[in-house]
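What follows is a single structure, written as structure tokens, with notes after it.
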Amino acid sequence: MNHDEQDHRDSRSARAERAAQGEHKAPDNADHLIRLRDQGLLDQPVELVAIERLSVDFSPRLDGEDEDYAQELADAAVELPPILVHRPTMTVVDGAHRLRAARLRGADRIAARFFDGNRTDAQLLAVATNIAHGRPLSNEDRAAAARRVFASYPHWSDRAVGSVTGLSAKKVAQLRGGGGGEPGARRIGRDGRSRPLDSSHSRELAGRLIRDDPTASLRQIAARTGLAPATVADVRARIRRGESPVPVRKNRAEPARETGGTATAPHEPGAAGHRSRRAVSPVELLRIVDSLRRDPSLRFSESGRSVLRVLDACALVARDRRGIADSVPAHCKGSLAQLAHGYAGLWQMLADDLENAPAGSADDGQVASVGA
């Protein structure tokens, strides 16, 4: 069996082992909260709850609710989605504006799903759900939420905190401060696994183990070094190419690549009418997505919701590009890279179509379908 076949088998075994461990994983990790937000809570039954029983104490918004936005929801001729309520305290976790809109409509009951976890996780869910839809959180709201995460889960990694608060890992690191921590310090990643803040020593150890025993499996080396199997696979690939097991930052732009970088639309020299496009940071991309999520003509029409679902998938890449890349098995990275390049070209063509479309050609029909 060659190394590639061994790596493939090890990667599948590692994924199966992580899946089995996930059934018993403690709930206080970022991935658990994200899964709850994106799927788990949607499976909960919807109940009608008396509005007078509900309170709003978990709002992640420093300035409270936006009365104009609540009125906009109240005036919309649509049924609003169920809110999320922390059952032990009957406090609204997600949907304060919808609750306010229901009151403005004169309703005495509102559709709700329940979360039965602890108060701390309910407060984090309030942030995680509000960065995914509805009225966008301000930078100040997100920064305040990150500081609450630091207080409750100080060992969460910057990327884990960012996945819940909608901030880049770089911004989270700036808010956290304190440098790189003590030698040998570890952080808990989104998946609940503990990893060293500085993996260079572990990568060097993995390199020595691979050179000493080239037949050792990814799982064996991962267990001895504390690295993820995907990272061990990267170390092995570097050694095969004659490179150092520890990546070297070649220029000052490299840290941005590690924390999300920027997205720059490609420019074809011969393309007529192409404008020079500036680089757009992941944080700015997420702001644009948040703004589009607020648009009633998208939120309250089927075609608009289809567009928003596509944008939600793209937002995952903006939030955690490096995490996604690290989680892909070594034997799949080439195929996924090919797909990413292909889709990038399709997105460029879509951008050209949008920029060249006649002004107002689609908006009028969308607004009419909403009836707002």
Thr129 vs. criteria at pLDDT 85 or above, of a type in the set (Ser, Thr, Tyr) and surrounded by 16 or more Cβ atoms within 10 Å (Cβ to Cβ):
no
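Residue by residue, here is whether (1) open to solvent by 60 Å² or more (accessible area, probe 1.4 Å); (2) more than 28 Å from the chain's Cα centre (by Cα) holds:
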{"site": "Ala76", "(1), (2)": "no, yes"}
{"site": "Pro81", "(1), (2)": "yes, no"}
{"site": "Val85", "(1), (2)": "no, no"}
{"site": "Asp94", "(1), (2)": "no, no"}
{"site": "Arg103", "(1), (2)": "yes, yes"}
Members of region 112-126 found to be open to solvent by 50 Å² or more (accessible area, probe 1.4 Å) and within 20 Å of the chain's Cα centre (by Cα), listed by number
Gln123
What pairs come out if I take residues in region 136-157 that are in contact (Cβ under 8 Å) with a residue 24 or more places away in the chain and part of a helix (DSSP H, G or I) and pair them with residues that are of a type in the set (A, V, I, L, M, F, W, C) and open to solvent by 50 Å² or more (accessible area, probe 1.4 Å) whose C-beta lies under 8 Å away, six or more apart or interchain?
Glu140/Leu62; Asp141/Leu62; Ala144/Leu62
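Do we find that Leu197 is in contact with a Lys or Arg (Cβ under 8 Å, 6 or more places away or on another chain) and buried (at least 18 other Cβ atoms within 10 Å of the Cβ) in this structure? Working first, answer last.
Values: in contact with a Lys or Arg (Cβ under 8 Å, 6 or more places away or on another chain): yes; buried (at least 18 other Cβ atoms within 10 Å of the Cβ): no.
Judged against the criteria, Leu197 is not a match.
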Just to be sure I understand the filter: pairs with C-beta atoms under 7 Å, separated by 6 or more residues or on different chains, first member in region 202-226 and within 22 Å of Arg187 (Cα to Cα), second member part of a helix (DSSP H, G or I) and of a type in the set (Asp, Glu). Which pairs pass?
Leu218/Asp7; Leu218/Asp10; Arg219/Asp10
Give the residues of region 313-331 that are open to solvent by less than 50 Å² (accessible area, probe 1.4 Å) and over 20 Å from Pro282 (Cβ atoms), sorted by residue number.
Pro329, Ala330
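For region 223-233, indicate whether the set of residues that are of a type outside the set (Phe, Trp, Tyr), surrounded by fewer than 17 Cβ atoms within 10 Å (Cβ to Cβ), modelled with pLDDT of 80 or more and in a helix (DSSP H, G or I) is non-empty.
Yes.
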Identify the single condition in (1) under 18 Å from Leu54 (Cα atoms); (2) over 17 Å from the mean Cα position of the chain (by Cα) that Arg148 does not satisfy, given that it satisfies every other one.
(1)
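The values are calculated or read from the model by the stated rules, or taken from the named source; none is laboratory data. Everything numeric here is computed off the predicted structure, so don't read it as measured data. Positions of Cβ are backbone-derived with ideal geometry, glycine not excepted, and every protein chain shown enters the neighbour counts. Accessible surface areas use protein heavy atoms only, side chains included; no ligands, DNA or RNA. Shrake-Rupley method; radii C 1.70, N 1.55, O 1.52, S 1.80 Å.
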